[in-house]
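Working notes for the structure below.
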Amino acid sequence: MTSERAVNIVMIEDDLGHARLIEKNIRRAGISNTVHHFLDGTSALRFLYEDAKGPVHNGPSLILLDLNLPDMSGTDILMRIKAEDSPLKRAPVVVLTTTDDKIEIQRCYDLGCNVYITKPVNYESFADAIKQLGLFLSVIQVPDPDATA
Amino acid sequence: VSGIRLSLEEMRSGRRGMLLGLQNSWPAYSAARRRLDEQIAAVESLTGDNPLQQANVRELRGEAHVLDATFRGTMPSLDRRFLLEEQVRADAGKRLTAIAERMLGEERRLLDEREAAQRASLQTFYLVLSGAGLLLLFVGSASIFVIMRYTRDLSGARDELEGLNTNLEGAVKVRTKDLQRANEEIQRFAYIVSHDLRSPLVNVMGFTSELEAAIKPLARLIEDADARDSTIVSDEARLAVHEDVPEALGFIRASTQKMDRLINAILRLSREGRRNITPSVVEITQLANTIADGIRHLIVDRGATVEVQADMPTVKTDRLALEQILSNLIENALKYLKPDRPGEIHVTARRELGRVLIAIADNGRGIDPRDHERIFDLFRRSGAQDQPGEGIGLAHVRTLAYRLGGTISVASELGAGAIFTIDLPQDYVGETEREA
C-alpha cells in the first residue's frame, strides 16, 4: 500500500479456515501488511475503537468483514463503522462473505461498504478472487483516520 | 205433568159449563180432552226411562178414560143424574188429581235427583274441564318452552353459522397466512442451511487444493532423491506421495464438488421459491418453438424430432417459470430416449375448465410406475444411471409448477415412453390477490 504509514488489515471472520485461506492468498498477492484477525464482532469492535494498536489510535486500516458472525451481524459492524460520527467512516470496508443474496448486497452498499465480494465455493475461483483483492489492496489509497479528527 | 193438570182443569170447567147449560162449552171440553191425551202420551214418552212413572201414566190414562166417560155420560143426562153422578165425578176427579200429584211429586223428586246428578256431573265436568285446562296450559307452556328453546337454538345456530360464515374468509386468510409463513420458513431454512453448508465446504475445498499444491514439491523431492539414490526413499513414502495422497485428494475433491452442486441445487430451489412471479400472457406455441430452436443442435445430435402443436392456447402465467418447466421437460425427453428407435417428442396443450393442460409426450425409455412419485423428489432418479444429472430437474419443475398454482403428473410404462402433463390455471392468481 502506498500510504506512508503501514496500513493494518483488520479481518473479522468467524471461520478459522476461511481466515487462513484468505490470509494465505493475500500474502500470495504480495501483501505483507499486518493482518489482525478477530473471530467475533465484539472483540473486533473493541480493537477497532479502543485498542492502542487499533486503527482509531494507530494509523490507517482496511477492514475485511464477514457478514455471518456468531455474536452480531456483520451489517451491524458496518453500520457502526460507517456512522456519521464514527472516526472510521472513511476506512475502506471490504465485505467478504458467502452470501450472494441481492438484497443483502444492496443493503451493504447502502450502509457504505466499499467492496462486496462473494466467496466462491470453488477454491480456484476463491483463491483468484482473494489474490485479485490483494492486488487491489496494494494499489488503493487508504485515508488516515487522523485526518478526520 | 203440569200440562195434564191444566187439561184436567179445563175439562172440568168445560163440563161445568155444560152442566150449567152452556151448549157451546162442548168443543172446549173435547179440546181439553184431546190435549189431555196428547199430554199423557208426551209424559209417557218423556218418562220412558222410568218404570214407576210408566205405571203411573198407565193408571193416569185409565182414570182419564173413566173421567172422560163419566163426563160424557153426565153431559147429556145432566138433569137426571146430576146429583147421582156428582159423587162419582168428584171421586174420579180427586183420584185423578191425587195421581197427578203423586206423579208430580215423583217427577219433582226425579228432577231433584237429576239436578243433583247434573250438578255432580257438572262439578265433574268443571273438574275435568279445569284439569283439561291445566293440562292444556301445561302442554301449551311446554310446547311454547320447547318452541322457544328450539327458536333460541335455531337462532343461536344461525348466529353461529353467520359468525362462521364471516369468519370463514378470515379463517381461510389465516390458514393461507400460516401456509405462506410455513413456506417462507422452509425457504429461509433451505437458504440458511445451504449457505451455512457452503461455508465449511469452502474450507474443505480450499485446504484440499492447498494439499494438492503441497504434494507437488514433495513429489518432486522424492523424484530428486530417487534420481540420486533409490535407497533414500522408502517404498511406502513413494506410494503415499505418488498414489495414496493424490487418490484421497481426488475423492475428497469429487465429493466436495458433488456436495457443492447439491447445495447449489437447494439454493436454486429456495431462490426459485422466493422469486417474484410476474404474470403475463404467454403464447405456449411460440414459447415451445423458441425452446426447441434453442436446443436444435441437441435434437439433431440425438436424431430426434420435436413436434410442437401449432395453435396451442395462451395462458396467463410467469413466462420465465413456464419456460424453465418446458425446457426441462423437453430436455429430459431428449435425454432419456430409447436408443433403438428415433426419438419423437410431441408438445401439445388444451384448455379445460379454466385450466390449461400442457403435455410433453415422448417415445423414450419410459419410467417404472413405482418411480412416478419419486422422480419429482430432489436428488432422486429412476432407471439406468447412464445419463449425467443430480436428480434436480424434475424437483425444480414441480416446485415451479406449484409456484404457478399448478401441478405436474406423469403417465408412463417402462419402455413405452412417457407423458408429462402440466396443469396450470388459465389465469395466474397472484399471492397478494389470493390474500385479499
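The values are calculated or read from the model by the stated rules, or taken from the named source; none is laboratory data. Note that the coordinates shown come from a computational prediction; the quantities given were computed from them, not determined experimentally. Counting neighbours? That spans all protein chains shown, and the Cβs are built from the backbone with ideal geometry, glycine included.
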**OP:** Please enumerate the residues belonging to region A:88-113 that are more than 22 Å from A:Ser125 (Cα to Cα) and either in a helix (DSSP H, G or I) or within 14 Å of another protein chain (Cβ to nearest Cβ) (or both).
**Re:** A:Ile103, A:Gln106, A:Arg107, A:Cys108, A:Tyr109, A:Asp110
Original post:
What single numbered condition from (1) assigned to a helix (DSSP H, G or I); (2) touching a helix residue (DSSP H, G or I) at 6+ places or on another chain (Cβ under 6 Å); (3) without any contact (Cβ under 8 Å) to a residue 40 or more places away in the chain fails to hold for B:Thr256?
Top reply: (3)
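Before we move on, is B:Leu218 within 14 Å of another protein chain (Cβ to nearest Cβ) and not polar (S, T, N, Q)?
Details: within 14 Å of another protein chain (Cβ to nearest Cβ): no; not polar (S, T, N, Q): yes.
No; evaluated as a whole, the condition is false for this residue.
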Original post:
Residues of region A:56-67 being surrounded by 23 or more Cβ atoms within 10 Å (Cβ to Cβ) and polar (S, T, N, Q), which ones?
Top reply: A:Ser61
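What residue, among those in region B:393-418 that are part of a strand (DSSP E or B) and surrounded by fewer than 17 Cβ atoms within 10 Å (Cβ to Cβ), is nearest to the chain's Cα centre (by Cα)? Outline the logic, then answer.
To start, the set of residues in region B:393-418 that are part of a strand (DSSP E or B) comprises B:407-412, B:418.
Going one step further and asking which of them are surrounded by fewer than 17 Cβ atoms within 10 Å (Cβ to Cβ), we end up with B:407, B:409, B:411.
Working: B:Thr407: 28, B:Ser409: 31, B:Ala411: 35 Å.
Checked region B:393-418; the qualifying residue nearest to the chain's Cα centre (by Cα) is B:Thr407.
With respect to A:Ile130, determine if the residue is at pLDDT 85 or above and of a type outside the set (S, T, N, Q). I'd like the intermediate steps shown before the answer.
Working: at pLDDT 85 or above: no; of a type outside the set (S, T, N, Q): yes.
In short, no.
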Subject >> Selection count where residues are buried (at least 18 other Cβ atoms within 10 Å of the Cβ) and of a type in the set (Val, Ile, Thr), scope region B:260-279 >> reply: 2
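Select, from B:Arg365, B:Arg319, B:Arg350, B:Arg302, the only residue that is charged (D, E, K, R) and within 17 Å of B:Asn289 (Cβ to Cβ).
Values: B:Arg365 fails: within 17 Å of B:Asn289 (Cβ to Cβ); B:Arg350 fails: within 17 Å of B:Asn289 (Cβ to Cβ); B:Arg302 fails: within 17 Å of B:Asn289 (Cβ to Cβ).
That would be B:Arg319, the only listed residue that is charged (D, E, K, R) and within 17 Å of B:Asn289 (Cβ to Cβ).
How many residues, within region B:119-178, are of a type in the set (D, E, K, R), surrounded by 10 or more Cβ atoms within 10 Å (Cβ to Cβ) and either closer than 30 Å to B:Gly405 by Cβ or touching a residue at least 40 places away in the same chain (Cβ under 8 Å) (or both)? Before you say what the answer is, go through the steps one by one.
Initial filter on region B:119-178 (of a type in the set (D, E, K, R)): B:119, B:149, B:152-153, B:158-160, B:162, B:169, B:173, B:175, B:177-178.
Next cut, surrounded by 10 or more Cβ atoms within 10 Å (Cβ to Cβ) only: B:119, B:149, B:152-153, B:158-160, B:162, B:173, B:175, B:177-178.
Going one step further and asking which of them are either closer than 30 Å to B:Gly405 by Cβ or touching a residue at least 40 places away in the same chain (Cβ under 8 Å) (or both), we end up with B:173, B:175, B:177-178.
The total comes to 4.
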Original post:
From B:Ala418, B:Ala361, B:Ala401, which residue is in contact (Cβ under 8 Å) with a residue 60 or more places away in the chain and over 30 Å from B:Ala190 (Cα atoms)?
Top reply: B:Ala418
Original post:
Would it be correct to say that A:Pro70 is surrounded by 23 or more Cβ atoms within 10 Å (Cβ to Cβ), assigned to a loop (DSSP other than H, G, I, E, B) and modelled with pLDDT under 90?
Top reply: no
**OP:** From (1) closer than 17 Å to A:Val7 by Cα; (2) buried (at least 21 other Cβ atoms within 10 Å of the Cβ); (3) out of contact with any Gly (no Cβ under 8 Å at 6 or more places or on another chain); (4) of a type in the set (Val, Ile, Thr), pick out the condition that doesn't hold for A:Val93.
**Re:** (3)
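Which residue is nearest to the other protein chains (Cβ to nearest Cβ), if the candidates are limited to region B:181-215 and must be among the acidic types (Asp, Glu) and closer than 20 Å to B:Phe251 by Cα? Please lay out each step first, then the result.
Just the residues of region B:181-215 that are among the acidic types (Asp, Glu), to begin with: B:184-185, B:196, B:210, B:212.
Now drop any that are not closer than 20 Å to B:Phe251 by Cα, which leaves B:210, B:212.
Numbers: B:Glu210: 7, B:Glu212: 9 Å.
Among those that are among the acidic types (Asp, Glu) and closer than 20 Å to B:Phe251 by Cα, it is B:Glu210.
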Original post:
Does region A:1-60 hold any residues that are part of a loop (DSSP other than H, G, I, E, B) and among the β-branched types (Val, Ile, Thr), and which are they?
Top reply: A:Thr2, A:Val7, A:Ile31, A:Thr34, A:Val56
**OP:** Please state which one of A:Ile26, A:Ile81, A:Ile63, A:Ile77 is within 14 Å of chain B (Cβ to nearest Cβ), hydrophobic (A, V, I, L, M, F, W, C) and closer than 17 Å to A:Asn114 by Cβ.
**Re:** A:Ile26
Original post:
Quick one: B:Ala157 ticks every box in (1) over 30 Å from B:Ala240 (Cα atoms); (2) in contact with a helix residue (DSSP H, G or I) (Cβ under 8 Å, 6 or more places away or on another chain) bar one, so which box is it?
Top reply: (2)
**OP:** Check off (1) surrounded by 16 or more Cβ atoms within 10 Å (Cβ to Cβ); (2) touching a helix residue (DSSP H, G or I) at 6+ places or on another chain (Cβ under 6 Å); (3) more than 9 Å from chain A (Cβ to nearest Cβ); (4) free of Cβ contacts under 8 Å to residues at least 40 places away in the same chain for B:Ile232 and give me the number that stays unchecked.
**Re:** (1)
**OP:** From (1) without any contact (Cβ under 8 Å) to a residue 24 or more places away in the chain; (2) within 13 Å of chain B (Cβ to nearest Cβ); (3) under 20 Å from B:Ser194 (Cβ atoms), pick out the condition that doesn't hold for A:Asp128.
**Re:** (3)
